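Structure first, then comments.
The values are calculated or read from the model by the stated rules, or taken from the named source; none is laboratory data. Keep in mind that this is a model prediction, so the values were computed, not measured. Cβ atoms come from the backbone with ideal geometry, glycine included; neighbour counts cover every protein chain shown. Protein only, heavy atoms only, side chains kept; ligands, DNA and RNA dropped before computing areas. Shrake-Rupley method; radii C 1.70, N 1.55, O 1.52, S 1.80 Å.
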Amino acid sequence: MEKARFLIGGVVQGVGFRPFCARLAIEEKLNGSVRNTSSGVELELWGERVQIDCYLRRLERECPTAAYIQSVNLLERQENASSPPDSFRILKSEEQSIRRVLIPPDIATCESCLEEMRDPSDRRYRYPFINCTLCGPRFSIIQDLPYDRPNTTMSTFSMCGKCSAEYLDPSNRRYHAQPNACPLCGPRLWACDRRGTTLAEGEDAIQVAAGLIFEGRILAVKGLGGFHLACDARNDEAVGELRIRKRRSHRPFAIMVRDLEAAEKVAVLTEKGRDCLISSRRPIVLCQARAGSGLSSLLSPGLDSIGVMLPYTPLHHLLLEELDVLVMTSANQSEEPIVADNEEALKNLSSLVDAFLLHDRKICMRIDDSVVSVAGNRAFYVRRARGVVPQPLFLPKSGPSVLAAGGEMKSTFSITHEGALFPSQYLGDLKSLGGATLYREALKHFLSLYAIKPEFLVHDLHPLYLSTRLCREVLPNPGGTLAVQHHHAHLAACLFENGIDEPAVGLILDGTGYGTDGGIWGGEILWGDASGFERLGHLVPFTLPGGERAIWEPWRCGMSLAYASGLQEEAKEWAKRKSTLSPDFARFFEVSIAAGVQTTSCGRLFDGVSALLGFVESVTFDGQAPMVLEAAARGSGSLPFSVVESDGKILVDWRPAIREIFAEKGRKSAGSISAAFHGGLARALGEAAALAAERKGTRRVVLSGGVWQNRRLFSLMMGEARRRGLIPVIHTLLSPNDECVSVGQAVAGYRKWGK
Ligand code: ZN
Ligand code: ZN
Ligand code: FE
């Protein structure tokens, strides 16, 4: 008889792991015990060596879907152990100082729970908070570790006899399901009007809410990580009213549909898209909108795509039984973070909605819906949040504790701790009023949950980033600091998530990032790894007339591109026809061209081209102009770009393309010119990448930066890479946009101080 003790690390708590261990022990006829500690799950097995080995193999192979085994470490092995236990038991959790347990993300309601919820004889029939060890809220309700009920926002509900019997029975599927609850003892639901006066409770509240939505009203619905604003997605008036109240004229609204069948009716789904929709992470999936679906055209004006998600809480399922498709957009005021607290909602959202659907389970950590985009058979995150966070990425070995501050617009922070790197959820724009508050909240939460005291600080090269300041608040005297260039961080992040520890060429295309020369970069050909980089080339620079204003008024970029291409007169003629410009603007414009800063931003190139082709003059959200340009593209073709080497730099020259645009405008449709712009740019980028790769003797080309969210450009580039024998290195775990910047920073710090 042998006794062996193991420590299992990974996502092993709150996901049905201990009952799984127990079941396996019974099957393998092993005795012993299992318990949660703050470092993981401790497993003690008594039996023959072969049985124990077999057990461990099955443990890894048959691991529950929501669990993830990161490590199995042998703590102790005794060959001729005496006095074995007579059974396999699940022991009480133990508090320890080190915290190596990974917290699971929030998990969509499982099939077994849905079946019970729909069974009239079940005691949880139509209960909107049904959950089990395999599903339900996790990250959003966990206040502290170990993950046990008193450390969650469920601590205020004491379980009734039946619930606690389930909770204590190892053979029950609710054994140690921390949010376990029923209509008798758990959270309750109610609907109220703007002033907070109750309209209905429980089951009736759902009927009342559905009725109001059906009548065209707008509701705030409390969900898992925050509130949604909900209205009828087929009702133009309601959607239009929501746009007015939210002061959001163009940015698309996501919808929630009853099931896959309902999704097929409003969107054209690919196999990959379907997989993403039904995954237990339940992200919003960007799909091609189906024509004639009856949905309001105001959902995503000017775009051919739509963000679709399936219900992921029991409450959603109940609500969607009444209405098969709903607008479900994050409840916030314009660019502010998502609202999650009842009081806060009543205070801040009552001007936006006609009524509320509330519950009394508190949300400890606010978190938005994740967004996934599907290009061909690939899916990538556009927003990494609910259902994914706080899952870490794993480092090759344990290293220093580094705090990385990230960017500023699509902000995140990242922390390395022992062998893991934790990227925060998407935290939004730090320049909004509540943005900094959410960033602070999340940072404090991560640090206290995992009891991390970071030693080192990494931040962007930009001297004024708010994220850097916010991190300095919690880490005023770091053991060392490192400034990482924005596009270098993109490159390092993408290499890291692909497990590549060698330098590669990077095609880093995005809006803007502060360059080592103080310039505004954004169309970069780099060479490097986490420890350093070299700028091999970039787009031909142009002026950003009016600085920041150029972002919101893409016609400025259009004019600037034309001027740089030697088309001053044509540009002035073009601008004369623009209704919004004053007649003598050209004079001012020339001044601002002369005084403006230079940029190599690929995002601004897209902005300018979108404006020149007449798609947008001014925009209301970041990325609007390129999105509309992409959506309009029809056919193929290729505008002329040239790739030249000058002073040892590889330059992608877009000026011939701009001249062609002016020559062809009016003769060809804007949609076909847009397609040719994408085609020509991809071809030039392919050529530039091949040149860079040849210079450096590599085949790897990293694609990172927000521009790669453009599915057309991405797919064309994949073709280019294949044709040229290049190996594209792309994001699949992280978003290509600035959310990944903090990850690249953290990896750079880990590398710097890790030796
Ligand atoms: Zn369940
Ligand atoms: Zn109960
Ligand atoms: Fe970026």
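The figures follow:
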| quantity | calculated |
| --- | --- |
| Sites D360 and T516 - FRET efficiency at Förster radius 51 Å, r taken between beta-carbons, to 0.05 | 0.45 |
| Environment charge of R535, counting only residues whose C-beta is closer than 10 Å and scoring Lys/Arg +1, Asp/Glu -1 | -2 |
| Accessible area (Å², 1.4 Å probe, nearest 10) - K222 | 10 |
| Peptides 140-146, 492-498, 114-120 ordered by average Cβ neighbours within 10 Å, highest first | 492-498, 140-146, 114-120 |
| Euclidean distance of C-alpha centroids, the stretch 495-561 and the stretch 432-482, integer Å | 24 |
| Relative frequency of Cα-Cα separations exceeding 19 Å in the stretch 2-90, percent | 30 |
| 10 Å binning of all Cα-Cα separations within the stretch 319-398, expressed as whole percents from 0 upward | 13, 34, 34, 14, 5, 0 |
| Accessible area expressed per residue, the chain, with surrounding protein chains retained (probe 1.4 Å, Å²) | 38 |
| Potential lengthening between R118 and I500 on full extension [0.36 nm per residue; Cα-Cα distance subtracted] | 132.7 nm |
| Restraint check, K696/K752; K92/K222; K410/K668; K572/K668; K576/K668, Cα-Cα greater than 27 Å | K92/K222; K410/K668 |
| Estimated 222 nm signal from helices in the chain, with DSSP H stretches of n ≥ 4 weighted -39500 (n - 2.57), rounded to 500 | -10000 deg cm²/dmol |
| Packing-based ranking, highest mean first, of 224-234, 74-84 given that Cβ atoms within 10 Å are counted | 224-234, 74-84 |
| For q = 0.13, 0.14, 0.16 Å⁻¹, Debye-computed log10 I/I(0) when each Cα of the stretch 189-371 counts as one equal scatterer | -0.59, -0.70, -0.93 |
| Rounded to 5, percent antiparallel among DSSP beta bridges of the stretch 189-371 | 80 |
| Among A66, L43, G9 the positive-end extreme of the charge dipole of the stretch 2-90 (Cβ point charges) | A66 |
| Inter-centroid distance (Cα atoms) of the stretch 637-677 relative to the stretch 369-431, Å | 35 |
| Fraction of antiparallel bridges per DSSP, the stretch 2-90 only, in percent to nearest 5 | 90 |
| Sum of side-chain charges, E660 neighbourhood, beta-carbon under 15 Å (Lys, Arg +1; Asp, Glu -1) | +3 |
| Accessible surface, 1.4 Å probe, highest first, among residues E27, E664, E343 | E343, E27, E664 |
| Dipole of the chain, positive end: most advanced residue of A404, L184, G506 [Cβ charges, Cα centre] | G506 |
| Length released on extending from R667 to A81, taking residue separation times 0.36 nm less the Cα-Cα span | 202.2 nm |
| Efficiency of FRET between V50 and S618 - r from beta-carbon atoms, R0 60 angstrom, step 0.05 | 0.25 |
| Test item: Cα-centred dipole of the chain, Lys/Arg +1 and Asp/Glu -1 on Cβ, debye | 620 |
| Computed log₁₀ I(q)/I(0) - Debye formula, equal Cα scatterers, no solvent, the chain, q 0.05 Å⁻¹ | -0.27 |
| Efficiency of FRET from Cβ geometry, R195 and I69, R₀ 30 Å, rounded to 0.05 | 0.05 |
| Residue order for H490, H417 - accessible surface, 1.4 angstrom probe, largest first | H417, H490 |
| Label-point gap, in nm, between E264 and L184 - each point 7 angstrom along Cα→Cβ | 4.2 |
| Volume in Å³ per residue [convex hull over Cα atoms, computed for the stretch 479-527] | 100 |
| Spacing of the two label points (7 Å from each Cα toward its C-beta) at E441 and E548, in nm | 2.4 |
| Theoretical gain in end-to-end length, T732 to Q207 [0.36 nm per residue, Cα-Cα removed] | 185.0 nm |
| Charge context of S351, other residues only, Cβ under 11 angstrom, K/R +1, D/E -1 | +4 |
| Where labels lie 7 Å past Cα in the beta-carbon direction, separation of S164 and K576 in nm | 8.4 |
| Cβ crowding within 10 Å averaged over residues, with 725-737, 500-512 ranked highest first | 500-512, 725-737 |
| The chain: antiparallel DSSP beta bridges as a percent of all, rounded to 5 | 70 |
| Accessible area (Å², 1.4 Å probe, nearest 10) - S669 | 70 |
| Leading residue at positive end of dipole, the chain (Cβ point charges), from S618, T109, A571 | A571 |
| Relative contact order [Cα under 8 Å, 6+ residues apart], the chain, whole percent | 11 |
